[in-house]
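Everything below concerns the one structure shown next.
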Amino acid sequence: MPREIAQTQPPSLAHQVALASQWILYESFTCFAPLVSLIYWALLFPTQNDILDSGLDTWMGVSMHALNSVLMLCEVGVFAKTPYRHSHFWILFVFLALYLGLAYFMVGVYGFYVYPFFDSRYFGGYIALICLLIIDIIAVVWVIMLMVHRLRDGLYPRWLLKRQRSTVF
């Protein structure tokens, strides 16, 4: 082996930042996609029957709140090989807190509740309970996704080796 190839340089800072960003975005996508679908179809869709009056509105609701979970399942099962790490669990809660801040920013600036269950006029003290429930759902989804990734990573090499042996010319 040539000496130049054997000596590798450590990854640059830009490469490390890009890799960390990709990892964080991947884990947040795989956890938040089921949460978005669950909250929309369980809580928000039943209350929007009078708003969804056209086929375009219905398609927008389905494409934004159902297809993201389908794409997430394709990403996890077929395309991605990104592992899950225990140390990334807390980052999801930082994103949830930032999103909660954004939701109340919309209330402060525009007087508009993005989600009606954050309106204290109707839900009062239950808002904290709703936030805790969302945190619990994210924790459960994260553990399920961790198990799915571990199962996938355990099965993938055997599947690949089996396929390589079966393709004889």
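Rounded to the nearest percent, how much of the accessible area of region 66-155 (1.4 Å probe, protein heavy atoms only) is carbon and sulfur? Intermediate results must be reported in sequence, preceding the final value.
Details: 4410 of 5770 Å².
Result for region 66-155: 76 percent of the exposed heavy-atom area is carbon or sulfur.
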Probe 1.4 Å - accessible area at TRP59, Å² to nearest ten: 140
Ranked by how many other beta carbons lie within 10 Å on average, peptides 129-141, 97-109 from highest: 129-141, 97-109
Calculated FRET efficiency for the pair PHE123/ALA80, C-beta based, R₀ 41 Å, to 0.05: 0.65
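With a 1.4 Å probe and all protein chains kept in place, how do ARG121, ARG150, ARG85 rank by accessible area, largest first? Before the final figure, lay out each step's value.
Details: ARG121 180, ARG150 135, ARG85 105 Å².
Heavy-atom accessible area, descending, gives ARG121, ARG150, ARG85.
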Simple spin-label estimate for TYR113 and ILE144 in nanometres, 7 Å along Cα-Cβ: 2.7
Label-point separation, ALA14 to ALA42 (7 Å along Cα→Cβ), nm: 4.4
Accessible area per residue in Å² at 1.4 Å probe, computed on region 24-117: 61
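The values are calculated or read from the model by the stated rules, or taken from the named source; none is laboratory data. All figures in this text were calculated on a predicted structure; none of them were measured in a lab. Here the Cβ is made from the backbone with ideal geometry for all residues, glycine too, and neighbour counts use every protein chain on show. Ligands, DNA and RNA are stripped out before the accessible areas are found, and what is left, the full protein with its side chains, is counted by its heavy atoms. Shrake-Rupley method; radii C 1.70, N 1.55, O 1.52, S 1.80 Å.
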